Amino acid sequence: MGARPRPVGALRRMLLTPQLHHVGLAHLGHPGRDSPSARHLERIPEAVVCGFEWGIEVRDPGEVERRLEAVAPDLRGFAFEGVAMAYTIRDALPFGGRDRTRDLMLGPAVPHTFLSYIGIGFAMSRLPRPLWRDILPDLEGNPYHPTMSWLAVDGYGFDLAYFDAQRWIDQRRTPEPYPWEGAPDYFPRAFDQGVGRALWFVHGARHDGVAAAVGRFARQRRADLWSGVGLAAVFAGGAAPEELRELLERAGEDAPHVFQGAVFAAKARVFSGHVPEHTETAVRALTGLDSAAAATLADEQRVEPGGGGTEPAYERWRAGVRHRFS
């Protein structure tokens, strides 16, 4: 028998997360709801919701870990996203305790470090900004911390755009800057990568709809949006190779940003220990590399925190990958 959910956990779940059928493209009215890839993509937010429910309701972390191990390998990282989201909220709330997120990300979630940061971003969209100050756990010993913590801001952008497309996609609003890692000016750029990932889902992985949506944003925002599109196309899948090659052509001068997002997605999949077939197919179409080679390229361009410069190490890493595009 598994751990019984607590009434307070059930209340938190009811107040903070949508039901499974509420995360579908049709329920949200997204244009990609009739796409052949819609059901494939919907399984991803459903996995996040399941992970969130376990993280909110179940007292024993060991029981949560056992449930995560039962999730299909290609979806397991998304379930970890949901657990990270839940633990972040529990750590932030009064009398919620502390260190659940830290223990998760230094423990069973290490292979899913990148997606766990995104889960923190999902929590950010449900917490008032004053609680963000201590939201990032101390992950000393994790080689990707704090450089890749900008994926939390990406997750924040994705969550807002996916669940409120009218405001963040149709009206193309911009977020108020926040001094994440001491770089408030970079906050909207990391946010836009998340919006770009959301566009892939909102349009059901249809390359023409995605490209048209990116084109409606202000010119200075498109590069980061394209980075998010490339990341989602490789990590989530849903498009055929010929469609992805056309997508890359539609990106025009921003094609290096699609390349960079694709390389980062391949790196995240390789680091997780499982590379699904759709990731292998997509990364080859967008980069000409297989997943292992793309991950190696990412490793070669990796930038450590500090080292001077006005931009975060995360952006300098992204720029290094873009410079390898041809």
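The values are calculated or read from the model by the stated rules, or taken from the named source; none is laboratory data. Everything numeric here is computed off the predicted structure, so don't read it as measured data. Cβ sites come from the backbone with ideal geometry, for glycine too, and all protein chains shown count toward neighbours. We work out accessible area using only protein heavy atoms, side chains counted, and drop any ligands, DNA or RNA first. Shrake-Rupley method; radii C 1.70, N 1.55, O 1.52, S 1.80 Å.
Descriptive notes on the structure:
- Measuring between their Cα centroids, the range 16-76 and the range 134-162 lie 20 Å from each other.
- Kirkwood radius, the range 18-153, all distinct C-alpha pairs, inverse of mean reciprocal distance: 15.2 Å.
- Within the range 40-99, chymotrypsin sites (Phe, Trp or Tyr not before Pro) in DSSP loop having at most 15 other beta-carbon neighbours inside 10 Å: Phe95
- Extreme residue, positive dipole direction of the chain, given options Leu297, Gly230, Ala198 (C-beta unit charges): Ala198
- Given in Å, the Rg to one decimal and the Dmax to the nearest whole number for the Cα atoms of the range 160-292 are 14.2, 41.
- C-alpha long axis of helix 291-300 to longest principal axis of the chain, angle in °: 90
- Taking the Cα centre of the chain as origin and assigning +1 to Lys and Arg Cβ atoms and -1 to Asp and Glu Cβ atoms, the resulting dipole is close to 640 debye.
- Low-density loop cleavage sites - trypsin sites (Lys or Arg not before Pro) in the range 47-97, where at most 16 other Cβ are within 10 Å (DSSP): Arg59
- A probe of 1.4 angstrom, applied to the heavy atoms of all protein chains, finds Thr281 with accessible area near 50 square angstrom.
- GNM on the chain, alpha-carbon springs under 10 angstrom: the most fluctuating residue among Ala212, Ala313, Ala233 is Ala212.
- Taken over the range 135-232, the percentage of Cα pairs per 10 Å bin, counting from 0 up to the bin with the maximum distance, is 17, 49, 25, 9, 0.
- Pairwise Cα distances in the range 218-295 exceed 20 Å in 21 percent of cases.
- Taking the Cα centre of the range 94-240 as reference, the dipole from Cβ charges on Lys and Arg (+1) and Asp and Glu (-1) amounts to some 460 debye.
- When only the Cβ of Lys, Arg, Asp and Glu is charged (+1, +1, -1, -1), the dipole of the range 185-326 relative to its Cα centre reaches about 240 debye.
- 20 °C / 1.002 mPa s Stokes-Einstein diffusion coefficient of the chain, Kirkwood radius on C-alpha pairs, µm²/s: 110
- Since only Val153, Ile135, Phe163 are under comparison, the one whose Cα sits farthest along the positive direction of the charge dipole of the range 116-192, derived from C-beta charges on Lys, Arg, Asp and Glu, is Phe163.
- What the Cα convex hull of the range 260-314 gives, in volume per residue, is 77 Å³.
- Top positive-direction residue, dipole computed over the range 234-285 with Cβ charges, set Ala251, Ala239, His278: His278
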